[in-house]
Amino acid sequence: MLSKRIFLLSVVLLGVWSCQTEKAEESKKIDSAFTKKDSVVIIEQPIISELEQRMIEQGLVDIQTLDSTIMVELKYSTTDNFVKTDVYGDLTRAYLQAKPAQMLVKANKVLQEKYPNYRLLVYDAARPLSVQHTLWNLLDSIPPKEREDFVANPAIASIHNFGSAVDLTVYDDVIKKPLDMGTKFDFFGDLAYPRLEDEMLIEGKLSKEQLANRIILREAMTSVGYMRIESEWWHFNAISRTRAKDLYKIVE
Ligand SMILES: [Zn+2]
């Protein structure tokens, strides 16, 4: 994911320098263009896309600036998602409204106090409504009513569109992978439904360990006020849709 990030190189000159030549190849490193290497400091600054800039202006925050131990792998910024398409492009950072972001930081602390090797891994957070439309349209072979099983209708908007919902799992630093939750993120079927977990356990489709792993995530999130939903083990709302509508603007 990091490789997708584009970095702007800002050059701060602390001493006297002289430019060797204007014909230096574009691809050559910036410091090679200066004769006094020790007088040049190169600072890497992430380019903030127009979309991110708009989110920041709406009060949303990059959650990793609050807690860098929270991992982020926005699945919609990869092709490893249910539409097999990168619909986020340059957006690789996870944004939430400030309060939900602070709640997430607390949940990560709660998790790490009990399980020092674990941390939260975020798959999706604030989702622009424009992307909600893209996801909706990519599934246009499915009739609208059935399509709502897979993706929220953009006409109604998702709590993700208000920057107040998060999709996530638990990452284990020892085994260097996410915990086994019984299904992948965005698995559309009974096995992903928290409300069917007892049934799935009896039928042997969900193991005791997989259920225990889901409970570890659920307890960390609900202990700080996040609300679970009954159809996706990975999704949590910081507030209700009505409250989100009252408090926040949709991320367009
Ligand atoms: Zn979600």
Exercise. At 37 °C and 0.692 mPa s, what whole-number value in µm²/s does Stokes-Einstein give for the translational diffusion of region 163-249, with Rh from the Kirkwood sum over Cα pairs?
Worked result: 237
For this session: Enumerate the whole-percent occupancy of each 5 Å bin, from 0 to the last occupied one, for all C-alpha pair distances of region 50-247.
Result: 1, 8, 15, 20, 21, 18, 11, 4, 1, 0
Problem set entry | In sequence order, calculated HN-Hα J values of region 124-132 (Karplus, 6.51, -1.76, 1.60; Hz; x Gly/Pro) | 7, 9, 5, 10, x, 4, 4, 6, 4
Problem set entry | Under Karplus coefficients 6.51, -1.76 and 1.60, residue-wise ³J(HN,Hα) of region 68-79 in Hz, glycine/proline x | 6, 7, 6, 8, 9, 9, 5, 4, 7, 9, 10, 9
For this session: Taking H placed 1.01 Å from N in the peptide plane, check which residues at least 5 places from LEU60 or on another chain put their amide H under 5 Å from its amide H.
Result: none
Seminar exercise, completed: In whole angstrom, the spacing between the Cα centers of region 127-158 and region 59-118 equals 22
Exercise. For region 206-217, in order, what is each residue's ³J(HN,Hα) by Karplus, 6.51 cos²θ - 1.76 cosθ + 1.60 with θ = phi - 60°, in whole Hz (x at glycine and Pro)?
Worked result: 10, 8, 4, 5, 4, 5, 4, 5, 4, 5, 4, 5
Exercise. Whose amide H sits under 5 Å from the amide H of GLY163, counting only residues 5 or more places off or on another chain, with H placed in the peptide plane?
Worked result: ARG127, VAL251
For this session: Please report GLU219, GLU73, GLU50 as a ranked list, fewest other C-beta atoms within 10 angstrom at the top and most at the bottom.
Result: GLU50, GLU219, GLU73
Exercise. Which of the residue pairs LYS177/LYS208; LYS114/LYS208; LYS176/LYS245 have a Cα-Cα distance greater than 30 Å in the structure shown?
Worked result: LYS176/LYS245
For this session: Would you please give the residues with an amide H less than 5 Å from that of VAL170, counting only those at least 5 places away or on a separate chain, with H modeled from the backbone geometry?
Result: LEU121, LEU179
Seminar exercise, completed: By Cβ neighbour count within 10 Å, fewest first, SER158, SER49 rank SER49, SER158
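Where a number appears in this text, it was derived from the coordinates with a stated rule and is not lab data. Keep in mind it's a predicted model, so treat the numbers as computed, not measured. Please note: Cβ atoms are built from the backbone with ideal geometry, for glycine as well, and neighbour counts cover all protein chains shown.
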